[in-house]
Each structure stands twice: as C-alpha cells, then as structure tokens.
1. When the Kirkwood radius is taken over all Cα pairs of the range 39-150, what Stokes-Einstein diffusion coefficient follows at 37 °C and 0.692 mPa s, in µm²/s?
2. Percent of Cα-Cα pairs per 5 Å bin, from 0 to the last occupied bin, for the range 152-284, please list those.
3. So how many Lys-Lys pairs in the chain land under 12 Å Cα to Cα, not counting same-chain pairs under 8 apart?
4. Considering only C-alpha atoms, what is the centroid distance from the range 202-220 to the range 45-78, in Å?
5. State, as an integer percentage, the relative contact order of the chain based on alpha-carbon contacts under 8 Å between residues 6 or more apart.
6. Any chance you could list the semi-axes, whole Å, largest first, of the equivalent ellipsoid that the Cα gyration tensor gives for the range 149-214, using √(5λ)?
7. Using a simple charge model, +1 on the beta-carbon of Lys and Arg, -1 on the beta-carbon of Asp and Glu, nothing else, what dipole does the chain show about its Cα centre, in debye to the nearest 20?
8. Only Cα pairs within less than 10 Å get springs; with that Gaussian network setup on the chain, which residue of 206, 303, 48 has the largest fluctuation?
Amino acid sequence: MSISQKFKRAATWGVLIGAWAGAVVQAAEFPDKQVTIVVPYAAGGFTDQVARAIAPVLAEKWGKPVVIDNRPGGGTTIGTALVARAPADGHTLLLSSLGYLTNPLMMPRLPYDPQDLKPLMMVSESPSVLYVGKQVPANNLAEFASYMRANDGKVAFASSGVGSSPHICAEMLASAVGAHIIHAPYRGNAPALNALMAGEVAALLDAPSSVSYVQAGRMKVLGVASDKPVRSALPLTPFSQSSAPELKPYSCSSFFGFFMPAKVPAALQQRIYRDLRAVVEVPTVAEGVTRPGGELHLLGPEDFTAYLDAQRPRWAAVIREKHITQE
C-alpha cells in the first residue's frame, strides 16, 4: 500500500470515528430544547390519549417540555409528512397507529417517502371488539355470523373512516364469514359509536374501552377479535372460543407506536428508545397508556420493524381484495 493510500484510509477512518463520536455526544446532550410528539389524529382520540399519558413523565425525565401537536387530516398523512421532513435531531417524534402501515398500501401518491421514517418503539396493541346494535337479533358470534349470511350485502358496519382499522377489520370479518357488508364511514370514532347506538348501523369493531356503553344498555358486545381474553370491564369472548368454526382463526387489532426521522443517528435513537421505555414502564403511565383499550406491548426498533413487516402482507391482502383506496 502506498503512502498516499495509507493517508486516504486514515482520513476515512478519522471521518467515521469523528461522526460516531459526534453522534454519541449528541445523544448524551439530548434534549437541548422542546420535544414535540406529533399525533396525526384529533385531540381526544385513542392515540392522543396514549401520547398525553406519556408526555408529562417524559418531560420530567428529560427536564425539557414535551408537547403534543395534533395534526389530523389526510388519513394521518399530514402529521406523518411533518415528521418525515423534520430535522434528524430527535426533537420531533411521531406517535401513530395503523394508518402508518396501511396508507402506503392504499395511497398511490403519498406526501412523504415512507423510507424517511423509522420505527422507534411499539407501545401497545388494541384488539378489536365486535359491538352490535340492540336491534340486531344476535347474542353471540355464531348467531351474528348466520345473521350476516342471511342478510348478505345488507348489514352495515360503521367505521371512523375509509381505510381505518374498524373498516378493514370489518372487511376481514365479512371475508371470514363469507358475506358482504355495507361500509358506513363516519368522521371519527365518536360519531361511529353514536350511529351504532342510534340504530343507524348494525355493527362496529372498536376498542375494548367502549364496553362502558354496553354496561349502560346502549348496545351489545359479542366478542373480542383475539385468541385470548383481554382486560375489560366486562367478560369478552375471544373469537378463538367461538362456536362458529369460521370465526375461530379471526383476529384483528391495531397498534400504537413511536416513529422518528430515519436519519436520526443510531446512538440517539437508542437513547430515546431507552428513555421512552423506562417512562412507559412506570405503573401510572402504563395504566394511562392501556386505559383507551390497549394491551401493553413494548417492542424496540428492530422488533417493532419486524412486527410491521409481518403484519403488512395481511393488511395488503384485504386492501387489495376489497379495493380499498384513499385518493
């Protein structure tokens, strides 16, 4: 090796070591200003509640303000694009849900490049619960499956919007039963619930926390789309225990997780992940995170990425089969 080559190699290693050292220093000094958690949903929704359970304790740990920036609209693309274009310094985080995974499958023209974002930490998972109106002549999962087939193409399912978790889960249920449904999208979860309780629609797949309306006698609950029981104020029959064989394999859930600009240095990513995880594991925070109807499910960057990769083909199949698009 010539002297010039040795100098070039030494210079290259010097640049790499300098970059690594700079990233370590950046992680150690983080945060040096306000941190913003962008929630691409309206205030008061499930994802927003998760963010507000975490933010105050995270601010206390970091000694800097942690604010929630609600950016609803565009099927979550407005808030997601904001974080994708944010500086890669760790001070802007995204707390999102299923839309992060499904939007690239439903939208041919996204206002951001999905490669500009990186999964940071999965916080919780929320299995869907099947609620039906009091007027529906079914009191268990098997009876409802028969009711759907007997009224093929006439049973209306409410949702919080086209391509939302309740929408896609309802289409998955229809495929499992062997029937077609009417999709009735509303502007958010609350209007969809109100429509169900008013008898405008027959069914809704929603979070376990909505059992409070069942307790008040305003609707019925038939089961949870899971293979095991979940924490709830009322007993919920897992679909895996249904007497309808076609429903035993059915499961459908959404997730809540943090994402960040992909170019945030690895050392800083790990620092933020460790701090987030420590905060969520605080009992009072964990209780706040699960109160909207989720089950705590903590995954780091690599495992969260693997989770999303495993889920993507399943969602893609139903989106393709049912021609679900958001233009």
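1. Working: Rh = 16.7 Å.
Rounded to a whole number, D works out at 196 µm²/s.
2. 2, 9, 15, 17, 17, 13, 9, 8, 6, 3, 0
3. Working: 33/64; 118/263; 134/220; 228/248.
Within the chain, the lysine pair count is 4.
4. Cα centroid to Cα centroid, the span is 26 Å.
5. Details: 637 pairs, mean separation 84.0, N = 327.
With pairs under 8 Å counted, the relative contact order is 26 percent.
6. Values: eigenvalues 70, 31, 26 Å².
Taking √(5λ) for each eigenvalue gives 19, 12, 11 Å, largest first.
7. On the way: 29 positive and 25 negative charges, 90 e Å.
In debye, rounded to 20, the chain gives about 440.
8. Of 206, 303, 48, the Gaussian network model singles out 303 as fluctuating most.
The values are calculated or read from the model by the stated rules, or taken from the named source; none is laboratory data. Here the structure is a predicted model, which is why all the values come from computation and not from measurement. Don't worry about glycine lacking a Cβ; one is built from the backbone with ideal geometry, like all the others, and counts go over all protein chains shown. The accessibility values were calculated without ligands, DNA or RNA, using every heavy atom of the protein model including side chains. Shrake-Rupley method; radii C 1.70, N 1.55, O 1.52, S 1.80 Å.
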